[in-house]
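Everything on this sheet refers to the single structure shown next.
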Amino acid sequence: IFPSSIEPNSAPFNRQQFAALGKLCEVQVLATVPWFPFVHRSMNAVPAQEEIDGLAVRHPRTFYVPKWSGLSAALHAASIFPALRGLRDRFDVLLAAWAYPDGVAAVLLGSLLGLPTVVKLHGSDIDVLSERMAPRRQLRWALPTARRVVAVSQALADKAIALGAQSDHVVTVRNGVDTGRFFPGDRMEARKKLGIDAKRVILFVGRLEADKGIFELLAAHAERSRSDTETLLVLIGEGSVRAQVTETPSLRCLGALPLSEIPDWLAASDLLALPSYHEGLPNVILEALACGRPVVATSVGGIPELITAATLGELVPPKDARSLAQALSRVLSRAHDPSAIVAASNTRSWAQSAAELHRVLQEALA
């Protein structure tokens, strides 16, 4: 769950937080590459090591067996062990930035090497993977064994505790925002720059997958389009359902874009829509609020912890296209003060987020 020179847009939240953490302590990243014969051939080009945002990054190959997810953590640990053993004397704490298989493997390796381990939870690593029998059984061992568990939302923290983690060892640390990049921009200037002449713009940024609520968003937009022909829906991202998205004069599908281009699209938008079935604490919502744009999203995971007032947007039930269409219409019909949204959102910088994470790592050592 980290970028490489082959996939530079992957997991920008980890890249930004760890780059900020690297200003507070020495950070060595082991960004693993899954390997199985004749599978993931495109990943063979990932270099063994490289530097990303000032961080030393190694890419050890981790063996896995497709469809045998219960073996993933053990294979992950065995694959990483040679690289980690060579670094043992240089480091004080082991941080895993995904619950399974990374977190379980890290706790196992920490036990073998005498390193305190911290496991960071993001969303589907708990919401989805912990529902599977084998990962759930292993997480019930690993989370209570870890010295600390870091969750990006209180909702995830509660799920970690339900899986057996000690409540006084679970800490909520929200992700940050690149405040030098995400801030209120001029809507008309952004639309001119991007060649948009629509009266209203709804923006979606994320994976184009069914569980992101893409089909509900398309249905809601189609319903609204029967009475509102002046609103453009823009989808940014890649995924398995992109082939099922048909562009029209009121719908543009742009594919994946670098993080550096997202602020212009947020500036050009009237609101961000994120009708996911499950989420941790979506960074795109933090970024939209930092840009002074309201959000229409589902009341799942940590999203209700972000959309806490009408100023910031509205929440709807998941899998409900009609409620989504109505909420989109209501939010589009209201005037919004970007500075009021920024003030009410209480977003923090990556430096602040990394400082909180650094304190947790120090607690793990104490």
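Some points to look at:
- Shape category assigned to the range 114-160 from the gyration tensor of Cα positions, a/c cut at 1.5: oblate
- The share of alpha-carbon pairs in the range 249-366 lying farther apart than 20 Å comes to 49%.
- Note on the range 257-296: with neighbouring protein chains present and a 1.4 Å probe, carbon and sulfur make up 50 percent of its accessible heavy-atom surface.
- Helical segments meeting 20 Å axial Cα length and Kyte-Doolittle -1.0 threshold in the chain (DSSP H): 72-87, 350-365
- Most positive-pole-ward Cα, Gln49, Ile80, Ser69, against dipole of the range 28-103 from beta carbon charges: Ser69
- Anisotropy class of the range 67-110 from Cα gyration tensor, a/c 1.5 cut: oblate
- Once the Cα-Cα distance is subtracted from the 0.36 nm per residue extended length, the Val128 to Trp35 segment shows a gain of 31.2 nm.
- Student exercise, the chain dipole from Lys, Arg, Asp, Glu Cβ charges, in Debye to nearest 20: 520 debye
- Among the listed pairs Lys120/Lys212; Lys159/Lys319; Lys23/Lys192; Lys192/Lys212, those whose Cα-Cα separation exceeds 26 Å are Lys23/Lys192; Lys192/Lys212.
- Directionally averaged projected area (the range 1-118, Cα convex hull): 7.1 nm².
- Cα-based convex hull, the chain, per residue volume (Å³, whole number): 137 Å³
- Spin-label model distance (nm) - Arg136 vs Asn44, 7 Å beyond Cα toward Cβ: 3.9 nm
- Net +/- balance of residues flanking Leu115 in space, Cβ distance below 10 Å, scoring K and R +1, D and E -1: +1
- Probe 1.4 Å, protein heavy atoms only - accessible area per residue of the chain in square angstrom: 44 Å²
- For Gly255, net neighbour charge (Lys/Arg +1, Asp/Glu -1) across residues whose Cβ lies under 13 Å away: 0
- The range 142-296: antiparallel DSSP beta bridges as a percent of all, rounded to 5: 5 percent
The values are calculated or read from the model by the stated rules, or taken from the named source; none is laboratory data. Please read all numbers here as calculations on a predicted model, not as lab measurements. Positions of Cβ are generated from backbone atoms using ideal geometry, with glycine treated the same way; all protein chains shown enter the neighbour counts. Calculation scope for accessible area: heavy atoms of the full protein, side chains included, ligands and nucleic acids excluded. Shrake-Rupley method; radii C 1.70, N 1.55, O 1.52, S 1.80 Å.
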